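Step one of this worksheet: look at the structure below.
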Amino acid sequence: MYRRTPRSIAAAGLLALTLAACGGNTAPVQNQGAPGQKTAGTAASVTISISSDESTLTPFTNQTGYPGDNLVNLIFDSLVTVQGDGIKPLLAKEVQTTDNKVYTLPLRSGVTWHDGKPFTAEDVLFSVDYYREHMEGDSAIDVRPIEKVSAEGDTVTMTLKAPDPEFPRRLLADMAMLPKHLWESVTKVKEAGTDKAVGTGPFKLTTYDPSRGYTLTANAAYAMGKPKVQTVKVVVIPEEATQFAALRTGEVHMSTRLVPPQQLQSFKQQPNIGIVEGTEFASTLLAFNTGRAPFDKAEVRRALAKAIDVNDLVKTVLLGQGTPGNPGFIHAKSPIKADELPPLFDPEGAKRDLDALGAAPGADGIRVLSGKPMSYELLVQSSSTDRLRAAELIRDMLKNVGVAVKITSLDSDSLDAKVWPDYDVAQGRNYDMSMWGWSAPTMLSSGMIAQLVASDHKDGPLNVVGFKNDAVDAVVKTLTSAPTMEERSEAAKQLQKLLAEQVPFLTLYYRNGTYAFRKDTYDGWAWQDGAAALNKFSLVDMAL
Amino acid sequence: MVQTETPAPTERGRRSYGRYTAGRLAQYAAVLFIALTLNFALPRALPGGPLKLFGSPEALAQLTAEERAQIANQYGFGQPLHEQFFTYLGNVFSLDLGMSLSQRRPVMEVLGEALPWTLLLVGTSIVITALLGVTLGVIGALRRRKGKGSGLLGGAIVFDSLPQFWLGMLLIVLFSVQLRMLPTFGAVGPDGVVTIGAVAQHLVLPVTTLTLTGFGYLFLYTRSSLLTVLTSEPVQHAHARGVPYRQIVRRHALRPALLPVHTIIMMEIGFLAAGSIVVETVFAYPGLGRLTFNAISARDYPLMQGAFLVLTVMVVVMNAVADATYPLLDPRARAGGAR
């Protein structure tokens, strides 16, 4: 007895805990696809997994652009929305302008806030003024281009400081309208609670628990369409592998994590799992610190760029689930017309260029330029498996032309502190080369692209490479002051050509957007460029 | 058999014990102050800062220096460091830990919600781990020359070296995805309703992960400690006097052998409040470990300070408890403490 007792106690304890928990129940766990609730393209309840808490889901308090903005946009509406390549009116009935400077916006009638109060032109005026006063927040909008805003009856007029043909897409489509009666008393916007998450959107925020997630309930009074899902539950699951496991068990019906290329085929073979795919405009780049020698020379940057095979990166790192980078940065399917520029890859040309620069190979095979070995540090985010792998391949590719690369893997904050301290380019930078990336909105308006390379800190707040070139600055000025879309597109093409010549950064690839969902629960997911699958069009029959 | 009685404490002994206790308390106060200072300094030594909580990088890039300063001042991280430090100390002693920058709620409220889940998860696993580790450790020591002892040793080393993340995912794949027996994530059912059955269901996989990866350490410690005692002179004497083996183990070996194990368990309980970052993240369990990780990721200074404070206090208190209870278990410590 003595010999058996301790083991028996331990085994019995574990067994008892397991049995108590399982309750002898061999039935599957809850929410197994909720059979019976589904009718074609509609569902009573859909559970979506996100990776981190998004706070109180107001335009000032969500934590991330994706999926935070997407969730906020289910609760709040803007005056217009992006659909496909175009702009559709939403709270505004139409967008009228003759000079791209004065925009007249007659408002839709009969729209109410979630608390039943009517949406009016007063709310629009208040929203613009409020955003002007409060620029903090992920969905907060920089309304400084708006010189003045006025209302006459149900029609709002916005006058810009300068003509901007991209104003509806770049600003109006992103500007969530705020209810004046609830927000006028809020002074600390980052402390706005769920009682301020009241919009005109198709879903109402009904519960929020930071550790468990959110419940959104369909707004029966939604003026611009009919929700196809009655309840959207949002659960917080930090770990990607756990999100996908929960998707396989049916505890989750849609994951907001990109399906890794290695798992895509496996998901496609699952009978109950569907994949919604589309073009992601998020870019992955190799950034050169153009303020530091030898990256201050365009010839050096171009030679290094020629050594890197972006097609191979897509094939090897993304298993083909992506698009090779355009030397002019713009994705071929971007609303900004991309220029068809030839690929830069030419390893023999890279060697010739480096030879011409006087960078002869040393005893160890590493070239020496201006008396210094061409050996550089490449920073990469430790949390990104595809960027880590891409960095390793880039190291090998550059080694082929006699350039040594030491990869340094850092957490995102440490890397940001070197490349973009305090997100303020005026503070300088401290790196040689870095893996970098911009989110989708950067690719959706030409004004944003100008911000990547303009040397003036005010015009180029995203110029993390410290690039300075007079010709580029001149084109940026032309682009940002162009009064028509045609002129702006023409300037954008010139800018792309210059980027391909100057190579302040090398655009490596754009990952495909692939998201997995349970098609036995709900299969109405629709792709929207720039917003992926979690958007109004996926969950609402929009009547625009 | 000779019984050893503990001598009654003398008046001089009591005074010495009082001085000893006062000295100890002063040591704990000093440790607490140093820990509080580190809790303040470490978050601020990390690269980056809480500004990223106030918008996407692309949006923050558009802010002017004045607008940045205004945000920092409004939310309390723009003042000079020494001012922030004194405010922090004052808040700690008035038990007002400020507002979480990421959750926009009082830090005390946020910690109060997460603490019970961590106590349940880590507390359960510590109890099972201690029972399993100590029991198997004793068996492993007593059967060290037999197959069972070797098997236990090998098993303990294997489990001790398993990464928690890997084991957790393996258990999810096996019990959730394949067998559909247990839920994949969270602490309660899908509707947020707290029932004993749902809580227990959600506890099984995280507790199993913590237990399987944690008992090996205690097993090895117990086994080693008991082996040392079994070969010590008093035990050899007992053998020579013809005391039965089972009695030797129970009366002469187990008690001294388990003294260091007691200290280890007390320290483990001290770290209980830290939760388990890996396990709570893998299973999306709403405890302090995950909360601390999120606070660090978000550079949420007040929440980081609060989480570290709870951890500091728990560790200091449990060390004090270990110090206070040790003499109860070991008469030598009582005599030593009086000197």
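The values are calculated or read from the model by the stated rules, or taken from the named source; none is laboratory data. From a predicted model like this one, the values you see are computed outputs, not experimental measurements. In this analysis, Cβ positions are derived from the backbone assuming ideal geometry, glycine residues included, and neighbour counts consider all displayed protein chains. Surface areas here come from the heavy atoms of the whole protein model, side chains and all, with no ligands, DNA or RNA. Shrake-Rupley method; radii C 1.70, N 1.55, O 1.52, S 1.80 Å.
A quick yes/no check of all residues on (1) among the charged types (D, E, K, R); (2) in a loop (DSSP other than H, G, I, E, B); (3) buried (at least 19 other Cβ atoms within 10 Å of the Cβ):
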{"position": "A:Asp53", "(1), (2), (3)": "yes, yes, yes"}
{"position": "A:Pro59", "(1), (2), (3)": "no, yes, yes"}
{"position": "A:Asn62", "(1), (2), (3)": "no, yes, yes"}
{"position": "A:Leu71", "(1), (2), (3)": "no, no, yes"}
{"position": "A:Val82", "(1), (2), (3)": "no, no, yes"}
{"position": "A:Lys88", "(1), (2), (3)": "yes, no, no"}
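Could you check how many residues of segment B:94-114 are at pLDDT 90 or above and open to solvent by less than 70 Å² (accessible area, probe 1.4 Å)? Outline the logic, then answer.
Restricting attention to segment B:94-114, the residues satisfying the condition of being at pLDDT 90 or above are B:106-114.
From what is left, the residues that are open to solvent by less than 70 Å² (accessible area, probe 1.4 Å) are B:106-107, B:110-112, B:114.
Matching residues across segment B:94-114 total 6.
Just one of A:Arg212, A:Arg144, A:Arg169 is under 26 Å from A:Ser445 (Cα atoms) and within 14 Å of chain B (Cβ to nearest Cβ); which is it?
On the way: A:Arg212 fails: under 26 Å from A:Ser445 (Cα atoms); A:Arg169 fails: within 14 Å of chain B (Cβ to nearest Cβ).
Testing whether each residue is under 26 Å from A:Ser445 (Cα atoms) and within 14 Å of chain B (Cβ to nearest Cβ) leaves just A:Arg144.
Would you pick out the residues in segment B:146-183 that are surrounded by 15 or more Cβ atoms within 10 Å (Cβ to Cβ) and not in a helix (DSSP H, G or I)?
B:Leu162, B:Arg180, B:Met181, B:Leu182, B:Pro183
Conditions: (1) among the acidic types (Asp, Glu); (2) in contact with a Lys or Arg (Cβ under 8 Å, 6 or more places away or on another chain); (3) in a loop (DSSP other than H, G, I, E, B); (4) within 19 Å of A:Thr155 (Cα to Cα). A:Glu122 meets all but one. Number of the miss?
Against the list (1) among the acidic types (Asp, Glu); (2) in contact with a Lys or Arg (Cβ under 8 Å, 6 or more places away or on another chain); (3) in a loop (DSSP other than H, G, I, E, B); (4) within 19 Å of A:Thr155 (Cα to Cα), A:Glu122 comes up short only on (3).
Residue-wise test of (1) at pLDDT below 95; (2) assigned by TED's automatic domain parsing to the domain that holds A:Asp174; (3) touching a helix residue (DSSP H, G or I) at 6+ places or on another chain (Cβ under 8 Å); (4) not charged (D, E, K, R).
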{"position": "A:Gly68", "(1), (2), (3), (4)": "yes, no, no, yes"}
{"position": "A:Leu71", "(1), (2), (3), (4)": "no, no, no, yes"}
{"position": "A:Val82", "(1), (2), (3), (4)": "yes, yes, yes, yes"}
{"position": "A:Lys88", "(1), (2), (3), (4)": "yes, yes, no, no"}
{"position": "A:Gln96", "(1), (2), (3), (4)": "no, yes, no, yes"}
{"position": "A:Asp99", "(1), (2), (3), (4)": "yes, yes, no, no"}
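Does segment B:231-238 contain at least one residue that is among the hydrophobic types (A, V, I, L, M, F, W, C), farther than 30 Å from A:Ser51 by Cβ, open to solvent by less than 40 Å² (accessible area, probe 1.4 Å) and part of a helix (DSSP H, G or I)? Step through it out loud before you land on a result.
Pass one, segment B:231-238, residues among the hydrophobic types (A, V, I, L, M, F, W, C): B:235, B:238.
Next, only the ones that are farther than 30 Å from A:Ser51 by Cβ stay: B:235, B:238.
Restricting the remaining residues to those that are open to solvent by less than 40 Å² (accessible area, probe 1.4 Å) gives B:235, B:238.
Pick out the ones that are also part of a helix (DSSP H, G or I) and you get B:235, B:238.
Yes, segment B:231-238 has at least one match.
When only residues in segment A:389-413 that are open to solvent by 10 Å² or more (accessible area, probe 1.4 Å), more than 25 Å from A:Ala454 (Cα to Cα) and assigned to a helix (DSSP H, G or I) count, which is nearest to the other protein chains (Cβ to nearest Cβ)? Working first, answer last.
We begin by selecting, within segment A:389-413, every residue open to solvent by 10 Å² or more (accessible area, probe 1.4 Å); these are A:389, A:392-393, A:395-397, A:399-400, A:404-413.
From the residues that got through so far, the ones that are more than 25 Å from A:Ala454 (Cα to Cα) too are A:389, A:392-393, A:395-397, A:399-400, A:404-411.
Retained after the next criterion (residues that are assigned to a helix (DSSP H, G or I)): A:389, A:392-393, A:395-397, A:399-400.
On the way: A:Arg389: 20, A:Glu392: 23, A:Leu393: 26, A:Arg395: 24, A:Asp396: 29, A:Met397: 28, A:Lys399: 29, A:Asn400: 33 Å.
In this case the residue turns out to be A:Arg389.
Regarding segment A:228-244, can at least one residue be identified that is touching a strand residue (DSSP E or B) at 6+ places or on another chain (Cβ under 6 Å), in a loop (DSSP other than H, G, I, E, B), open to solvent by 30 Å² or more (accessible area, probe 1.4 Å) and not aromatic (Phe, Trp, Tyr)? I'd like the intermediate steps shown before the answer.
From segment A:228-244, those touching a strand residue (DSSP E or B) at 6+ places or on another chain (Cβ under 6 Å) are A:228-237, A:243; that's our starting set.
Next cut, in a loop (DSSP other than H, G, I, E, B) only: A:228, A:237.
Checking the rest, the ones that are also open to solvent by 30 Å² or more (accessible area, probe 1.4 Å) come to A:228.
Now drop any that are not not aromatic (Phe, Trp, Tyr), which leaves A:228.
Yes, segment A:228-244 contains a residue that is touching a strand residue (DSSP E or B) at 6+ places or on another chain (Cβ under 6 Å), in a loop (DSSP other than H, G, I, E, B), open to solvent by 30 Å² or more (accessible area, probe 1.4 Å) and not aromatic (Phe, Trp, Tyr).
Out of (1) modelled with pLDDT of 95 or more; (2) open to solvent by 30 Å² or more (accessible area, probe 1.4 Å); (3) under 23 Å from A:Glu392 (Cβ atoms), what's the single condition that is false for A:Ala350?
(2)
Scan segment A:191-201 and give yes if some residue there is at negative phi, of a type in the set (S, T, N, Q) and either free of Cβ contacts under 8 Å to residues at least 24 places away in the same chain or not in a helix (DSSP H, G or I) (or both), otherwise no.
To start, the set of residues in segment A:191-201 that are at negative phi comprises A:191-201.
In the following step, the residues that additionally are of a type in the set (S, T, N, Q) were identified as A:194, A:200.
Applying the additional criterion that residues be either free of Cβ contacts under 8 Å to residues at least 24 places away in the same chain or not in a helix (DSSP H, G or I) (or both) yields A:200.
Yes: one or more hits.
Name the residues in segment A:490-513 that are of a type in the set (S, T, N, Q), closer than 18 Å to A:Phe281 by Cα and modelled with pLDDT under 95, would you? Full working, then the answer.
Taking segment A:490-513 first, the residues of a type in the set (S, T, N, Q) are A:494, A:496, A:502, A:507, A:512.
From the residues that got through so far, the ones that are closer than 18 Å to A:Phe281 by Cα too are A:496, A:507, A:512.
Hits for segment A:490-513 are A:Gln496, A:Asn512.
So, in segment A:289-304, how many residues would count as being farther than 14 Å from A:Asn400 by Cβ, assigned to a helix (DSSP H, G or I) and open to solvent by less than 30 Å² (accessible area, probe 1.4 Å)?
Going through segment A:289-304, the residues farther than 14 Å from A:Asn400 by Cβ turn out to be A:289-302.
Next, from what is left, pick out any that are assigned to a helix (DSSP H, G or I): A:298-302.
Cutting the leftovers down to open to solvent by less than 30 Å² (accessible area, probe 1.4 Å) gives us A:298, A:300-301.
So the count comes out to 3.
What do you reckon, is B:Ala307 among the hydrophobic types (A, V, I, L, M, F, W, C) and under 29 Å from B:Thr213 (Cα atoms)? Before you say what the answer is, go through the steps one by one.
On the way: among the hydrophobic types (A, V, I, L, M, F, W, C): yes; under 29 Å from B:Thr213 (Cα atoms): yes.
Answer is yes for this residue.
Quick one: in segment B:281-304, of everything that is assigned to a loop (DSSP other than H, G, I, E, B) and in contact with a Ser or Thr (Cβ under 8 Å, 6 or more places away or on another chain), which residue is farthest from the other protein chains (Cβ to nearest Cβ)?
Here the answer is B:Asp300.
Within the group A:Gly437, A:Gly447, A:Gly460, which residue is in a strand (DSSP E or B), under 26 Å from A:Ser489 (Cβ atoms) and either modelled with pLDDT under 95 or among the small types (Gly, Ala, Ser) (or both)? Break it down stepwise before answering.
Numbers: A:Gly447 fails: in a strand (DSSP E or B); A:Gly460 fails: in a strand (DSSP E or B).
Result of the check over A:Gly437, A:Gly447, A:Gly460: A:Gly437.
Can you confirm whether segment B:122-138 contains a residue that is over 30 Å from B:Arg246 (Cβ atoms), in a loop (DSSP other than H, G, I, E, B), within 11 Å of another protein chain (Cβ to nearest Cβ) and out of contact with any Cys (no Cβ under 8 Å at 6 or more places or on another chain)? I'd like the intermediate steps shown before the answer.
Let us first name the residues in segment B:122-138 that are over 30 Å from B:Arg246 (Cβ atoms), namely B:122-125.
Cutting the leftovers down to in a loop (DSSP other than H, G, I, E, B) gives us none.
Looking through segment B:122-138, none of the residues is over 30 Å from B:Arg246 (Cβ atoms), in a loop (DSSP other than H, G, I, E, B), within 11 Å of another protein chain (Cβ to nearest Cβ) and out of contact with any Cys (no Cβ under 8 Å at 6 or more places or on another chain).
Could you run through segment A:245-267 and say how many residues are closer than 11 Å to A:Arg518 by Cα, in a helix (DSSP H, G or I) and either away from every other protein chain (no Cβ under 12 Å) or out of contact with any Lys or Arg (no Cβ under 8 Å at 6 or more places or on another chain) (or both)?
Step one: of segment A:245-267, the residues closer than 11 Å to A:Arg518 by Cα are A:246-255, A:267.
Narrowing the set further to residues that are in a helix (DSSP H, G or I) leaves A:246-249, A:267.
From what's left, either away from every other protein chain (no Cβ under 12 Å) or out of contact with any Lys or Arg (no Cβ under 8 Å at 6 or more places or on another chain) (or both): A:246, A:248, A:267.
Residues flagged as closer than 11 Å to A:Arg518 by Cα, in a helix (DSSP H, G or I) and either away from every other protein chain (no Cβ under 12 Å) or out of contact with any Lys or Arg (no Cβ under 8 Å at 6 or more places or on another chain) (or both) within segment A:245-267 amount to 3.
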